[in-house]
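Contents: one structure, followed by commentary.
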Amino acid sequence: MQPEPHIVRFAGPLNVRSIHPVHAALKEGLETSQSLVVELSDATEADASFVQLMESARLYAEQRGKTLALSRPVGPALREVLTRAGFTDSLTPDRARFWFHQGA
């Protein structure tokens, strides 16, 4: 039986000004749990720093045999940030599964 995932909820703006507590929450969650789910439904905005941090956390988790997932696929606003930051130009199967729940 798989243990229940640890859930981290982020609210408000997820940008360069708020990235430190987001980083700290992700780091703690990945250090203390095998599976971490990120809930973004109360996020009001995001920028490229958030996307870069999430990509780094996703790779960090993967390299350590852990799971990092979004509770649901990203919405239109975050999809636009991903596009502007170039993350959809080279959409690997892992990225598609993480951000858009495609192929899951």
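Within the stretch 39-48, is even one residue closer than 27 Å to Pro3 by Cα, under 11 Å from the mean Cα position of the chain (by Cα) and of a type in the set (Asp, Glu)?
So the first thing to find is which residues in the stretch 39-48 are closer than 27 Å to Pro3 by Cα, and the list is 39-43.
Filter once more, keeping what is under 11 Å from the mean Cα position of the chain (by Cα): 39-40.
Narrowing the set further to residues that are of a type in the set (Asp, Glu) leaves 39.
There is at least one residue in the stretch 39-48 that is closer than 27 Å to Pro3 by Cα, under 11 Å from the mean Cα position of the chain (by Cα) and of a type in the set (Asp, Glu).
Here is a yes/no grid of residues against (1) modelled with pLDDT of 95 or more; (2) exposed (fewer than 12 other Cβ atoms within 10 Å of the Cβ); (3) in a strand (DSSP E or B); (4) of a type outside the set (A, V, I, L, M):
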| position | (1), (2), (3), (4) |
| --- | --- |
| Met1 | no, yes, no, no |
| His20 | yes, yes, no, yes |
| His23 | yes, no, no, yes |
| Leu30 | yes, no, no, no |
| Leu36 | yes, no, yes, no |
| Ser49 | yes, no, no, yes |
| Ser56 | yes, no, no, yes |
| Leu68 | yes, no, yes, no |
| Gly86 | no, yes, no, yes |
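Does the stretch 57-84 hold any residues that are among the basic types (Lys, Arg) and farther than 16 Å from Val22 by Cα, and which are they? Walk me through it before giving the result.
Within the stretch 57-84, the subset among the basic types (Lys, Arg) is 58, 64, 66, 72, 79, 84.
Once the filter is applied, which keeps residues that are among the basic types (Lys, Arg) and farther than 16 Å from Val22 by Cα, the stretch 57-84 yields Arg64, Lys66, Arg72, Arg79, Arg84.
Based on what the data block shows, is Thr44 in a helix (DSSP H, G or I) and β-branched (Val, Ile, Thr)?
Values: in a helix (DSSP H, G or I): no; β-branched (Val, Ile, Thr): yes.
For Thr44, the condition - in a helix (DSSP H, G or I) and β-branched (Val, Ile, Thr) - is not met.
Name the residues in the stretch 88-98 that are of a type outside the set (Val, Ile, Thr) and either assigned to a loop (DSSP other than H, G, I, E, B) or surrounded by 12 or more Cβ atoms within 10 Å (Cβ to Cβ) (or both), would you?
At the first step, the residues of the stretch 88-98 found to be of a type outside the set (Val, Ile, Thr) are 89-91, 93-98.
If the condition is that a residue be of a type outside the set (Val, Ile, Thr) and either assigned to a loop (DSSP other than H, G, I, E, B) or surrounded by 12 or more Cβ atoms within 10 Å (Cβ to Cβ) (or both), then Asp89, Ser90, Leu91, Asp94, Arg95, Ala96, Arg97, Phe98 are the ones that fit.
Of everything in the stretch 12-38, what is farther than 22 Å from Phe100 by Cβ and under 13 Å from the mean Cα position of the chain (by Cα)? Give them in sequence order.
Passing the criteria: Ile19, His23, Ala25, Lys27.
Quick one: what pairs do we get from the stretch 7-23, first residue closer than 11 Å to Ser49 by Cα, second of a type in the set (D, E, K, R), C-beta under 8 Å, 6+ apart or different chains?
What qualifies is Leu14/Glu45; Leu14/Asp47; Asn15/Glu45; Asn15/Asp47; Val16/Asp47.
Could we say that Gly103 is at pLDDT below 95, farther than 16 Å from Ala25 by Cα, more than 10 Å from the chain's Cα centre (by Cα) and of a type outside the set (Phe, Trp, Tyr) here? If you could, list the steps in order and put the result at the bottom.
On the way: at pLDDT below 95: yes; farther than 16 Å from Ala25 by Cα: yes; more than 10 Å from the chain's Cα centre (by Cα): yes; of a type outside the set (Phe, Trp, Tyr): yes.
Yes: the conditions hold for Gly103.
Suppose we filter Val74, Val16, Val81, Val8 for residues that are part of a strand (DSSP E or B) and either on the phi < 0 side of the Ramachandran plot or not basic (Lys, Arg) (or both); which single one remains?
Details: Val74 fails: part of a strand (DSSP E or B); Val16 fails: part of a strand (DSSP E or B); Val81 fails: part of a strand (DSSP E or B).
Sole residue among the options that is part of a strand (DSSP E or B) and either on the phi < 0 side of the Ramachandran plot or not basic (Lys, Arg) (or both): Val8.
The values are calculated or read from the model by the stated rules, or taken from the named source; none is laboratory data. For clarity, every value in this text was computed on a predicted model and none was experimentally measured. All Cβ positions, even for glycine, are placed from backbone atoms using ideal geometry, and neighbour counts span all protein chains on display.
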